[in-house]
Amino acid sequence: MQPHPRLALHGITKRYPAVLANDHVDLRVGAGEIHALLGENGAGKSTLMKIVYGVTQPDAGRIEWEGRPVTIRSPAEARQLGIGMVFQHFSLFETLTVAENISLALDSREPPAQLASRIREVSESYGLPIDPLRLVHSMSVGERQRVEIVRCLLQSPQLLIMDEPTSVLTPQAVRMLFDTLRRLASQNVSILYISHKLDEVRELCDTATVLRGGRVSGTATPRAESNESLARMMVGGDLRECHLTPREAGETRLELRGLTLASTDPFGTSLHSIDLNVRAGEIVGIAGVSGNGQSELLAAISGERRVGNAASVSICGSASGTLDAAQRRRLGLSFVPEERLGRGAVPEMSLADNALLTAHSAGLVRNGLVRSDAAREFARSTITAFDVKAGSELSPANSLSGGNLQKFIVGREVRLKPKVMVVSQPTWGVDVGAALRIRQALIDLRDSGAAVLVISEELDELYAICDRLAVLFRGKLSSVHPTSQMPVEKLGSWMAGEFAQ
Amino acid sequence: MNIDTLILIFASTVAAATPLILAALGVLVNERAGVLNLGVEGMMLVGAVTAFGVGVTSGSLFLGYVAAMSAGAAMALLFGLLTLTLQTNQVATGLALALFGVGLSAFVGQPFVGLPIERVPAVPIPLLADIPVLGPALFRYDLLVYLSIALYAAVSWFLYRSAAGLRLRAIGEAPGVAHSLGYPVVRIRYLAVMFGGATSGLAGAYLSTALTPMWVEGMSAGRGWIVLALVVFATWRPLRVLLGAYLFGGVTVLQLHAQGLGVDVPSEFLSMLPYLATIVVLVLICRNPKTILLNQPASLGRSFHPDG
Amino acid sequence: MDGGGIRAVSAMNNWPWRLERRAEPSIAMKFASPLIAAVAMLVTGFILFSALGLSPLSAFRTFFIEPVASTYGFGELLLKSTPLMLCALGLSIGFRANVWNIGAEGQLIVGALAGGAIALFVDGLGGFAIPLMLLAGILGGMAWAAIAAFLRTRFHTSEILVTLMLVYIAQLLLSYFVHGPWRDPAGFNFPQSQSFDENELLPLLAETVRVNIAFLIALALAGVAWFFVSRTFAGYRMRVAGLAPAAAAYAGYGEKRNIWLALLIGGGMAGLAGVSEVAGPIGLLSPDISPGYGFAAIIVAFVGRLHPIGVVLASLLMSLLYLGGEAAQIDLQLPASVTGLFQGVLLFYLLAADLLITYRIRRARPDVVAAEAIKVDNPVNVQT
């Protein structure tokens, strides 16, 4: 029995100009405990962890480590205390080797050869083998996470912070990660596990602190709770789900035939002979760990990249491979990209100007001149129809929260009445309410007879809204099957590449 | 053509390349840290006028060089203050620095126009300098020429062999990641930018005390811009900077000797050669966008703010 | 890592002032920052004049007031603002689209060469001489900029470096023509062409001044530019390309078209500026037809907020700096390069002042921040 918890936070408060990210947050993690920090997107989990790891400083509150008050002014100080962190978006340098990456995060200088052998030793002893001389950009996402974990383990941490570690893993890789974490906990390492996935938290964690809107909304023993009770703490109400009523699909609207395309990104993934058809009135989902060719596939469909062979992409029956994005839009294609700020919307421009971005064809431009009244009206009605929380149609896009901006972009594209709609990561980083609204909008679009293609990393989402599913792995697409015939185990093994090619 | 002429052409190629090497190696380091400073022309000119002014007034070229490096670094510090601390656009600020440097050097240099200065003396390396042919071709230069080679070795070692160099490269690749690991991104960028400024200042000093020992307004004649192109051409690698600089030096010198060699082309067209060559090499190296993507520091030219 | 990093971090935290991003860019600051920069430049001038042992007040008069105290002087102000305005209008449209044409100086020279060629070698045009020369100037400038556009769109070369290299090449080209084939045989061996004929010169606006109709053309083009930028879809597309290139690609606005358009507009305007100079106050071709107008126009474009109306005002300010520099040379024995110095300083101040548009400076006092924080009640909206 230890007298003090390993880490205790008292009244941590952090304010950014537009939001209060943490509001008097208290949290305790004991030795060898796996503690969940649960909350939906924007609840303040990442900010709190950055404070613990010394990346940012709290405006108020105290941190105690093993019962002693401490000020953690930098990640180096955090590491000296024995805190390690595995970031959600990996903190690795692509053009450097594993060993170089690790040496950058170590506070002691070690000759490269000695470090390399120590990396091999530690990684193998935890069942996470990695080659220290490999360049990071050649590694898969799972392997990169391994590098991050090994990097922490090399410093024998007392507390390991894992920020949404499973969002990029296949279900099988999640199993392996959990084994590793349990093993660490049994060796008295504390783990702070940040997640918004209730099943995982209930399976893995001993205790949980739930954040909502920057405040602690409750603490719990996850195993003793149900998904519903945890969700209520997280969202402050009941989780609603959207429903997909079975429906007969119509004619093929989007067809890919033998689509092969070399990536322009030196670290990207090339597409190999992809076949896919999406029909009117159905939603087809593509699962897969990101980095397996998703961005290349999307660019090839949207027309942001043209394909040499016109016939390999056809939209509503027209061979479109050589058309540019504007021409494909004229055929009835709409597209919601993963990056909202800077791609789906121009950050500094008003919502009215952002309506013009793709909706110019909806009567917002006449004789080459912008009809600003019409653009404002379009933006205003989109804001109303999709419950976008914004000052007005003249507010700049970057003043909106992620969820509200996504609703605006989805709304803009949906209101163009597309024949084919392509959406990438529709609810990534979006709060639960907005996610529900967006999913429903996609289902309504399907029900009105559009062909919808969704690429997502969230398997729950794909199961909730898709009629058929496929998996993308290393630039190759699996066959497409009705959702009911794709159990999660099968999907998982396909995501690891185990499908007939 | 006799051997003496060849040696002369070779030696003047080396001399013409030296300021390019000095400046480009510094610029290389600051670009590897992710900072794009287009103000090299301005820093070179300020370095040139400072070295000349201090050299003439104090009678000590050494003092002149120290002053030129400090002046270049001070200009770079100004750039750093704006781009790194105040987050201004790097392209616009670099342009401003170039224009400012042209104006400032012309303004301060007014009293020095037309004054003579003693050319920096050659320092033959004992014994080696007496070897026939090789001696005069390789071992009878002034100290800055030797220094440029030493700087090449030092920069190569720093970037690829030292822990500090690894950090610098990491910061240029992904400053956000480096920050989350706890590296003082802004401070390291300041140092890198000032290093670029110091070597650009020294490059300028070489122009006004060795290559053409005098002060003339705008005497760098676009070399600062050529240096920037050279770093792209070298795909941000020191050895290629060295080779590229000698190539450019050769083009410049060819233009001077062309008439002697009986080429009957108006001098203006010969003078265009270095600029045309710059465009040609840029086309050659940028033709394949992957070459640039693979080699360019990923964060080059982008602002970084620690609080996101 | 070493302890130095930690010290640096904590030192930064102790700094009493900190930058804080505004929730929305300040529109007031957008207009105020050029004024702040101009005032800061004047203050710097004040200090500089004092440091040089001049009476700051009278130096000030000489520099900024006397040059425009007469009708003639005022005409000179408009005259010198014309090429600056023309170049900067074109550049600002390009800069908005993130196309960094910094070689307006070269395009100006080639425009002058092209227009000059018409004047020198095509006779008997009568009243058509001027329109034809202006057209040739525009096309010349466009052609010079088109080289950069072609290399950028075809080979991905940086337009910054290419347009700049083309400045040096254009200067040498001009030098070749006026020293060689186009030199006036009766010109006592001076490197300059024959003077243009009367019908090849732009009409003056009034008897007593040197400013000509090019100024009115520039003003009219400022109107056109304003209309283009704020009302047309093409102007909107260029703005999108400048602010968010990925969004432009997403919406299907061709990147190449954008680059071509930006460079052709910039080149055409600079070419027009060039021919207006040689068919205006200069009246012939000589090696020094421009005291760096093409470079100063970069500053004009920024100080003018890349907005046509701002550019008109900024070009007048910059023109005053040129006149002041000339006056200072004659009356105060200051080198003419003081103008260049002021130009650079002005741009620095502007860039620094622009910071206030997106950031505010506030005293970092954690206790106050925390107290404010508590007042905000659950600002994160959770929808259920």
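The values are calculated or read from the model by the stated rules, or taken from the named source; none is laboratory data. On a predicted model such as this, the values are computed, not experimentally measured, just so you know. Reconstructed Cβ throughout: ideal geometry from the backbone, glycine too, with neighbour counts over all protein chains shown.
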Residue pairs qualifying under the 9 Å Cβ cut-off, at least six apart or on distinct chains, with the first in the range B:108-122 being more than 14 Å from B:Ser60 (Cα to Cα) and the second being at pLDDT below 90 and hydroxyl-bearing (Ser, Thr, Tyr), are B:Val108/C:Ser337; B:Gly109/C:Ser337; B:Gln110/C:Ser337; B:Ala122/B:Tyr141
Residue list for the range A:428-438, restricted to those being crowded, with 24+ Cβ neighbours inside 10 Å and more than 10 Å from chain C (Cβ to nearest Cβ): A:Val430, A:Ile438
So for the range A:193-212 (the condition being in a strand (DSSP E or B), under 21 Å from the mean Cα position of the chain (by Cα) and of a type in the set (Ser, Thr, Tyr)), does at least one residue qualify? yes
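A quick yes/no check of all residues on (1) over 30 Å from B:Thr278 (Cβ atoms); (2) small (Gly, Ala, Ser); (3) out of contact with any strand residue (DSSP E or B) (no Cβ under 9 Å at 6 or more places or on another chain):
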{"site": "C:Leu173", "(1), (2), (3)": "no, no, yes"}
{"site": "C:Tyr176", "(1), (2), (3)": "no, no, yes"}
{"site": "C:Ser193", "(1), (2), (3)": "no, yes, yes"}
{"site": "C:Leu201", "(1), (2), (3)": "yes, no, no"}
{"site": "C:Glu207", "(1), (2), (3)": "yes, no, yes"}
{"site": "C:Leu216", "(1), (2), (3)": "yes, no, yes"}
{"site": "C:Ala222", "(1), (2), (3)": "yes, yes, yes"}
{"site": "C:Ser230", "(1), (2), (3)": "yes, yes, no"}
{"site": "C:Arg237", "(1), (2), (3)": "yes, no, yes"}
Are there any pairs with C-beta distances below 8 angstrom linking a residue in the range B:149-176 that is within 14 Å of chain A (Cβ to nearest Cβ) and more than 15 Å from B:Ala298 (Cα to Cα) to a residue that is in a helix (DSSP H, G or I) and among the β-branched types (Val, Ile, Thr), with the two at least 6 apart or on different chains, and if so which? B:Leu159/B:Val29
With respect to C:Ala146, is the statement that it is part of a helix (DSSP H, G or I), surrounded by fewer than 21 Cβ atoms within 10 Å (Cβ to Cβ) and either in the same structural domain as C:Leu272 (by TED's automatic domain parsing) or touching a Leu at 6+ places or on another chain (Cβ under 6 Å) (or both) true? yes
I need the helices (runs of 4 or more DSSP H) fully contained in the range A:53-158, keeping only those with at least 1 residues that are more than 14 Å from chain B (Cβ to nearest Cβ). A:112-125, A:141-153
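Go through C:Gly292, C:Gly223 for me and flag whichever is surrounded by fewer than 23 Cβ atoms within 10 Å (Cβ to Cβ), on the phi > 0 side of the Ramachandran plot and assigned by TED's automatic domain parsing to the domain that holds C:Thr82.
Of C:Gly292, C:Gly223, the one residue that is surrounded by fewer than 23 Cβ atoms within 10 Å (Cβ to Cβ), on the phi > 0 side of the Ramachandran plot and assigned by TED's automatic domain parsing to the domain that holds C:Thr82 is C:Gly292.
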Residue count for the range C:275-329, restricted to those that are assigned to a helix (DSSP H, G or I), among the β-branched types (Val, Ile, Thr) and away from chain B (no Cβ under 14 Å): 6
Quick check on C:Thr163: is it closer than 19 Å to C:Gly111 by Cβ, within 14 Å of chain B (Cβ to nearest Cβ) and in contact with a helix residue (DSSP H, G or I) (Cβ under 7 Å, 6 or more places away or on another chain)? yes
Flag for A:Val423 being part of a strand (DSSP E or B) and closer than 30 Å to A:Lys197 by Cβ: yes
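Do you know which residues across the range A:213-256 are assigned to a loop (DSSP other than H, G, I, E, B), charged (D, E, K, R) and within 25 Å of the chain's Cα centre (by Cα)? Steps first, please.
The first filter runs over the range A:213-256 and keeps only residues assigned to a loop (DSSP other than H, G, I, E, B), leaving A:213-214, A:221, A:225-226, A:236-251.
When the remaining residues are screened for being charged (D, E, K, R), the result is A:225, A:238, A:240-241, A:247-248, A:251.
A:Asp238, A:Arg240, A:Glu241 - these are the residues of the range A:213-256 that are assigned to a loop (DSSP other than H, G, I, E, B), charged (D, E, K, R) and within 25 Å of the chain's Cα centre (by Cα).
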Of A:Leu341, A:Leu394, the only residue that is within 11 Å of chain C (Cβ to nearest Cβ), without any contact (Cβ under 8 Å) to a residue 60 or more places away in the chain and of a type in the set (A, V, I, L, M, F, W, C) is A:Leu394
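Among the residues of the range A:296-343, write down those that are of a type in the set (S, T, N, Q) and crowded, with 21+ Cβ neighbours inside 10 Å.
Restricting attention to the range A:296-343, the residues satisfying the condition of being of a type in the set (S, T, N, Q) are A:302, A:309, A:312, A:314, A:318, A:320, A:322, A:327, A:334.
Within the range A:296-343, A:Ser302, A:Ser312, A:Ser320, A:Ser334 meet the criteria.
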So is C:Pro335 at pLDDT below 90, outside any helix (DSSP H, G or I) and either within 14 Å of chain A (Cβ to nearest Cβ) or more than 21 Å from the chain's Cα centre (by Cα) (or both) or not? yes
Counting only residues that are hydroxyl-bearing (Ser, Thr, Tyr), more than 14 Å from the chain's Cα centre (by Cα) and surrounded by fewer than 21 Cβ atoms within 10 Å (Cβ to Cβ), the range B:226-253 contains a total of 1
Scan the range B:126-148 residue by residue and report those that are of a type in the set (A, V, I, L, M, F, W, C), surrounded by 14 or more Cβ atoms within 10 Å (Cβ to Cβ) and free of Cβ contacts under 8 Å to residues at least 24 places away in the same chain. B:Ala129, B:Leu138, B:Phe139, B:Leu143
Out of A:Gly250, A:Gly237, A:Gly258, sole residue that is within 13 Å of another protein chain (Cβ to nearest Cβ) and surrounded by fewer than 19 Cβ atoms within 10 Å (Cβ to Cβ): A:Gly237
From A:Ser140, A:Ser117, A:Ser91, residue being among the hydroxyl-bearing types (Ser, Thr, Tyr), free of Cβ contacts under 8 Å to residues at least 24 places away in the same chain and either buried (at least 20 other Cβ atoms within 10 Å of the Cβ) or not assigned by TED's automatic domain parsing to the domain that holds A:Gln294 (or both): A:Ser117
In the range A:193-211, anything touching a residue at least 60 places away in the same chain (Cβ under 8 Å), surrounded by fewer than 20 Cβ atoms within 10 Å (Cβ to Cβ) and over 23 Å from A:Asp23 (Cα atoms) is listed as A:Asp206
Residue count, the range A:6-46, condition modelled with pLDDT under 90 and either facing chain C (nearest Cβ under 10 Å) or in a loop (DSSP other than H, G, I, E, B) (or both), comes to 13
Please state which of the following conditions C:Ser230 fails to meet, knowing it meets all the rest: (1) assigned to a helix (DSSP H, G or I); (2) surrounded by fewer than 15 Cβ atoms within 10 Å (Cβ to Cβ); (3) more than 21 Å from the chain's Cα centre (by Cα). (3)
Show the residue pairs that are 6+ apart or on different chains and have beta-carbon atoms under 8 Å apart, the first residue being within the range B:276-300 and more than 10 Å from chain C (Cβ to nearest Cβ), the second being of a type in the set (Lys, Arg). B:Asn295/B:Arg237; B:Pro297/B:Arg32; B:Pro297/B:Arg169
State all residues of the range B:79-108 that are over 20 Å from the mean Cα position of the chain (by Cα) and more than 8 Å from every other protein chain (Cβ to nearest Cβ); if no residue qualifies, say none. B:Leu81, B:Thr83, B:Leu84, B:Thr85, B:Val108
Matching residues in the range C:174-188 - criterion: being surrounded by fewer than 22 Cβ atoms within 10 Å (Cβ to Cβ) and more than 7 Å from chain B (Cβ to nearest Cβ): C:Phe177, C:His179, C:Pro181, C:Trp182, C:Arg183, C:Asp184, C:Pro185, C:Ala186, C:Gly187, C:Phe188
